[in-house]
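The values are calculated or read from the model by the stated rules, or taken from the named source; none is laboratory data. Because the structure is predicted, anything quoted here is derived from the model rather than measured. Note that we place each Cβ from the backbone using ideal geometry, even for glycine, and neighbour counts take in every protein chain shown. Each accessible area value is taken on the protein alone, full model and side chains, heavy atoms only, with ligands, DNA and RNA left out. Shrake-Rupley method; radii C 1.70, N 1.55, O 1.52, S 1.80 Å.
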Amino acid sequence: VDTDSFLLAAMTCLRLAMKTLHGKDRLSTGTVTTMSRGMVGERDMEEMELTLLFCLEWCLNPPTPNQFLGYLRPYIALCLGEEDQDQDYHEHNDNNSVMEDIMEIATFLTEVSVCKYEFLVYKPSIVAFASILCALKHLKYPRQTVKRTREHVSKTVLGYDNQGDADEDLTQCSASLWGYCMENASLMAFSSSSRAVIS
């Protein structure tokens, strides 16, 4: 493979990855042409993109638990925003920093789930939501708040009721993640912004 073809393929892969992960064309062909100092043409890139897609049989990455965290974040913030803001767990934190704590812990747990075989049987949305529920538990949110959040997001966002296989998977996945938290309490001692530490 010559250098020009390699550069074209690499730049096209970068652009394709951006489109796949972010759902938008954030890296236009014009931008890539500029980045490559004119060595990659817009038309060449469009043709290479089609070639790559056909070679991959259009099998790009499926959604990951981490991507679902991003999708779920506004709904979790909305659910928690509807709760009484005078509760103890909000006393020293504004809603933004509370959400940052929740997402930091949930992100850690989704990353752990990738390394553990037992989590491969669950849908990425289940792993992401279970991670958020464990983060709420870790931060000592009241049980009723966690329950209401679970019911609301399960039904209105993820599209399943609180019965059946999906709910059972969510329960089992949450229990497994929480078990991991309890076994590895030292790993769960996050930055000082997280006020609760599993004991």
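Sorting the segments 123-134, 144-155, 28-39 by their residues' average number of neighbouring beta-carbon atoms within 10 angstrom, most packed first, yields 123-134, 144-155, 28-39.
Dipole orientation for region 1-80: of the candidates Phe68, His22, Thr33, Phe68 has the Cα lying most toward the positive pole (charges on Cβ; Lys, Arg +1; Asp, Glu -1). Note on Tyr71 and Glu111: with the Förster distance fixed at 25 Å, the Cβ-Cβ geometry gives a FRET efficiency of about 0.90. Accessible surface area normalised per residue over region 99-153 is 46 Å², counting heavy atoms of protein chains with a 1.4 Å rolling probe.
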